[in-house]
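The values are calculated or read from the model by the stated rules, or taken from the named source; none is laboratory data. Keep in mind that this is a model prediction, so the values were computed, not measured. Don't worry about glycine lacking a Cβ; one is built from the backbone with ideal geometry, like all the others, and counts go over all protein chains shown. Ligands, DNA and RNA are excluded from the accessible area calculation, which covers all protein heavy atoms including side chains. Shrake-Rupley method; radii C 1.70, N 1.55, O 1.52, S 1.80 Å.
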Amino acid sequence: MEVVDPRHFRFHGRRTRLRKINGVRVDFDEVEHRLRDTVPSKDVACVLVDDPVRGENFTVLVVPDGPGGPDVVKAVRIALKSWNLVPYEVLVVPAIERSETGKLRR
């Protein structure tokens, strides 16, 4: 939000990458950044999903940095567990489609 004058403001939008999962606020931009530093991969993305049991949750998409798909999934799960996060699922994908600005395409 930006204050224009005493009676007006400009709303820049809601930060949609911040969610509350199991009572804990999670910034998925930060999770992706930490995973990129921890897990050997070409690209990582967290996608928000609705879990029928737990409510809001997330799926991790990983583009492996070589042929080690199961090892990458294990590394992602270990990293997330150390941060007390449990994803709905971890998927190995050939590529993650992004816009020109680097945001995930839906």
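Brief remarks follow.
- Packing-based order for 36-46, 20-30, using average beta carbon neighbours within 10 Å, highest first: 36-46, 20-30
- Straight-distance candidates among the aspartates and glutamates for linking to Lys20, with alpha-carbon spacing under 15 Å and chain neighbours fewer than 8 residues away dropped: Asp29, Glu30, Asp50, Asp51, Glu56.
- The separation of the range 14-49 from the range 65-80, counted between C-alpha centres, amounts to 16 Å.
- Of the GluC sites (Glu not before Pro) in the range 40-106, those whose Cβ has at most 14 other Cβ within 10 Å and which sit in DSSP loop: Glu97, Glu100
- Compactness of the range 22-76 - radius of gyration and Dmax, Cα, Å: 12.2, 36
- Near Asn22: Cβ cut-off under 11 Å, other residues only, Lys/Arg at +1 and Asp/Glu at -1. The net charge is +2.
- The chain - percent of accessible surface contributed by carbon and sulfur, probe 1.4 Å: 52
- Over the chain, accessible surface divided per residue gives 72 Å², non-protein components excluded, 1.4 Å probe.
- Gyration tensor verdict on the range 15-106 (Cα atoms; rounded if a/c is under 1.5, prolate if a/b is larger than b/c, oblate otherwise): oblate
- Here the range 16-37 is scanned for amide nitrogen atoms under 14 Å from the site 7 Å beyond the Cα of Asp50 along Cα-to-Cβ, giving none.
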